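Worksheet: the structure to be examined is printed underneath.
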Amino acid sequence: MGHEVVGFLHKHHNLQFFNTMAAFNPMLVETYTAPTNIAVIKYWGKNDLKLNTPMNSSSSITLDQGDLHTITSIAASKDLEEDRMWLNGDEIVINGRGKTCLAEIRKIAGDRKDANGNVIVAKEDWINYKVHIVSINTFPTGAGLASSAAGLACFVSTLAKLYNVSEEYEGHLTAIARQGSGSASRSMFGGFVEWQKGERSDAHDSIAIQRADENYWPEMRAVICVVSDKEKDTSSTSGMETSRKTSTLLAHRANNVVAGRINEMEKSYLAKDFDTFGKLTMQDSNQFHAVCMDTYPPIFYMNDISKTIIRLCTIINSYYSDPITGKGIKAAYTYDAGPNAVIYCLEKDAALIYSIMARYFPAPNSNSIGDYTNNADYYNECTNNADNLIPADLANQLDKCGRVPASGDVKYMFYTKSGPGPIHQPIEEAILDTSTGLPIDVSHKHKRMRIS
Ligand code: DP6
């Protein structure tokens, strides 16, 4: 049989013929990587469940994809029988929100053309195409590190490219990502991003807007302590619904607090004023978790380790800041719907913050630093220099918070910075087999965070 095929190929070596064959039912493939983002003014509570619009605007910093990312490849073909999806190697059911994004993209699909401008798929013909979606997160899914933000932003960006869509209004793709997961709208851009809640009934103004790109404040850094890799108990979606129904503090926050804070936050970011930025970041995280506590029954996302990290940051900030003006803040913690700490800081202070966290939450084994952090060199540099970096009287004060250095409570530490929005990848980077549309193993390229 094999010989017959080879013979056939030799006999009919007619390029035109093979091109026609190849173009008959081509497997179209696109790949993107996309970043997470961590809010500094939190989104919590929905106005409209179907459109997934928020009770208040929010703002965030997009993190560097070099350190944390989702990668998604999507194949479309007439030969595929149904829309299917694989996440981190396992096939999953495409949920309602994913289906909504797919449907919204299909509505605005354009003609797909080849490099010479010839139409390969006319927009009316997309109805005959199904997709296979393959996606990997390099960080724990569902543990409060905005995996849904990166995942849905990646999904929407890849689909938009594949279907060659045209936005019908400014921010349309961010509005589609919003319908997948609210925070995903903000991962559609790099740098400092605001998701404005919008006023219109069709929610066309509930979109994300980039306020400053990732190069605007290049000194901004984030130290992330992964406190748990477990999937969270209360999903954001159900948690925020219970809060909306039961927390009077949430209503107060959404109606009276956030608009002013967003404004102040944006000004502080644009002025590179870390004191104001840091204080607001911490206050807003505190208020979000106070809303969780005010929810009935209450929701606990932070645990004792999270609270210890808050204490350590508070001691650092009061040690360095002026008691009268409050200026001199160095460590701005924030927590999402999980126990992990994200500590924003400036590059000049990052080694101090990192070495303090690494002192109290050391790697379990000095031979496997690479399994504990995304940047083993930085970990070694900070821990080897800790005595120079941490003044002795600060170390004394920190010890008094009661934390005894021990490994195991923090599972992983990231050192990262702000980065760009979703990035289109060349065909060689596809994480599915471009002839079958099935996932391929790329674990060597996209190292998933290992948890000991
Ligand atoms: C605490 O965007 O995950 O991280 O829209 O229901 O998918 P859904 O919620 P999601 O909520 C994120 C909440 C948060 C705060 C934030 O990122 O602003």
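Brief remarks follow.
- The listed residue being farther than 29 Å from SER238 by Cα, at pLDDT 95 or above and over 25 Å from the mean Cα position of the chain (by Cα), out of TYR129, TYR163, TYR169: TYR129
- Residues located in the range 137-150, provided they are closer than 17 Å to GLU429 by Cβ and either within 14 Å of the ligand (Cβ to nearest atom) or at pLDDT 95 or above (or both): ASN137, ALA150
- Residue match in the range 353-370 (condition: more than 16 Å from the ligand (Cβ to nearest atom), outside any loop (DSSP other than H, G, I, E, B) and within 23 Å of ILE41 (Cβ to Cβ)): yes
- Only one entry in ILE390, ILE431 is among the hydrophobic types (A, V, I, L, M, F, W, C) and within 28 Å of ILE133 (Cβ to Cβ), namely ILE431.
- Residue that is nearest to ARG253 (Cα to Cα) [pool: residues in the range 55-80 that are in a strand (DSSP E or B) and over 18 Å from the mean Cα position of the chain (by Cα)]: ILE74
- Residue in the range 271-280 that is basic (Lys, Arg) and crowded, with 17+ Cβ neighbours inside 10 Å present: yes
- Any hit, the range 25-38, residues being modelled with pLDDT under 95 and of a type in the set (S, T, N, Q): yes
- Taken together, the criteria place LEU394 among residues that are in contact (Cβ under 8 Å) with a residue 60 or more places away in the chain, touching a helix residue (DSSP H, G or I) at 6+ places or on another chain (Cβ under 6 Å) and either farther than 16 Å from GLN65 by Cα or not charged (D, E, K, R) (or both).
- Residue count for the range 413-434 under the criterion of being in contact (Cβ under 8 Å) with a residue 12 or more places away in the chain and not in a loop (DSSP other than H, G, I, E, B): the result is 12.
- Between ILE299, ILE343, ILE309, the distinction of being among the aliphatic types (A, V, I, L, M), touching a Gly at 6+ places or on another chain (Cβ under 9 Å) and in contact (Cβ under 8 Å) with a residue 24 or more places away in the chain belongs to ILE299 only.
- Top-ranked residue of the range 81-100 - restricted to ones that are touching a His at 6+ places or on another chain (Cβ under 9 Å) and outside any loop (DSSP other than H, G, I, E, B), ranked as surrounded by the most Cβ atoms within 10 Å (Cβ to Cβ): MET85
The values are calculated or read from the model by the stated rules, or taken from the named source; none is laboratory data. Just so you know, these numbers come straight off a predicted model, no measurement behind them. Positions of Cβ are generated from backbone atoms using ideal geometry, with glycine treated the same way; all protein chains shown enter the neighbour counts.
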